[in-house]
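Engineer: My structure is below; once you've seen it, I'll send some questions.
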Amino acid sequence: MVKKVCRADFISHGLIAQNRRAHFDYEITEKFVAGLQLTGTEVKSLRLGHANITDAYGIEKCGELFISNMFIAEYTYKGYESHQEKRDRKLLLNHKEIVKIIGELSRKGATLVAMRLFFNEKGLAKLEIGLGRGKKLYDKRESIKERDWNREKQRLLK
């Protein structure tokens with residue numbers, strides 16, 4: 001039995017999904033906010049908060065940027081029309097930003113990572129993407145040590 005959806009369940013603005021491991025796995029140098037080219041059932045599913053961006057990454061095809069491996073669950077109350085859950089979705093950015101990101105992605109080791117998925121004040125779906133490099137194991141250990149030290153420091157100051 002499917003749960004009935006009421007108007008209070010919908011997200012009109014605010015955070016939908018977040019990639020918490022992005023800062024741990026990658027050294028983010030620059031952040032961009034991009035729009036997404038979505039279908040109707042994808043937007044309705046996002047309004048219910050049914051999305052996952054932990055494995056999402058950016059790719060370049062024919063001079064355009066796409067987000068790949070982003071999961072948006074199928075909308076339960078769809079009619080005859082539906083969408084694929086994991087498909088490449090086009091990122092909507094300014095031309096200067098696209099050129100800058102493609103130039104950075106051409107360098108070795110650079111990746112485009114999804115950070116946050118949210119609705120802005122106007123109710124439009126936006127994706128915050130980070131441009132950076134993958135961390136090595138010793139960098140991750142250093143991050144853990146720094147985080148633990150900051151926690152201990154806060155305990156001592158109380």
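Engineer: Using only DSSP helix segments of four residues or longer, with each worth -39500 (n - 2.57), what per-residue ellipticity at 222 nm results for the chain after dividing by its residue count and rounding to 500?
Structural biologist: Counting only the DSSP helices, I get -8500 deg cm²/dmol.
Engineer: For segment 22-52 and segment 90-158, what is the centre-to-centre distance using only Cα atoms, to the nearest Å?
Structural biologist: 13
Engineer: Using label points projected 7 Å from each Cα along Cα→Cβ, tell me how many nm separate residue 60 and residue 33, to one decimal.
Structural biologist: Roughly 2.5 nm, to one decimal.
Engineer: Calculate the spin-label point distance for residue 25 paired with residue 10, positioning each point 7 Å from the Cα along the beta-carbon direction, and give it in nanometres.
Structural biologist: Taking the two extended label points, one gets 3.3 nm.
Engineer: Let me ask something additional. Kirkwood Rh over alpha-carbon pairs of the chain, then Stokes-Einstein at 25 °C and 0.890 mPa s: what D in µm² s⁻¹, rounded to an integer?
Structural biologist: Answer, rounded: 141 µm²/s.
Engineer: Another one. Chymotrypsin sites (Phe, Trp or Tyr not before Pro) within segment 60-158: which are DSSP loop residues with at most 14 other Cβ atoms inside 10 Å?
Structural biologist: Of the chymotrypsin sites (Phe, Trp or Tyr not before Pro), the ones in loops of segment 60-158 whose Cβ has at most 14 other Cβ atoms within 10 Å are 77, 80.
Engineer: Need one number: nm distance between label points at residue 149 and residue 135, each 7 Å from Cα along Cα→Cβ, rounded to one decimal.
Structural biologist: Calculated label separation equals 1.4 nm.
Engineer: Among the chymotrypsin sites (Phe, Trp or Tyr not before Pro) in segment 9-44, which ones are in a DSSP loop with at most 16 other Cβ atoms within 10 Å of the Cβ? Mind listing them?
Structural biologist: Listed in order of number, the matching sites are 10.
All of the numbers you see were taken from the coordinates with simple rules; none came from a lab. Keep in mind it's a predicted model, so treat the numbers as computed, not measured. Please note: Cβ atoms are built from the backbone with ideal geometry, for glycine as well, and neighbour counts cover all protein chains shown.
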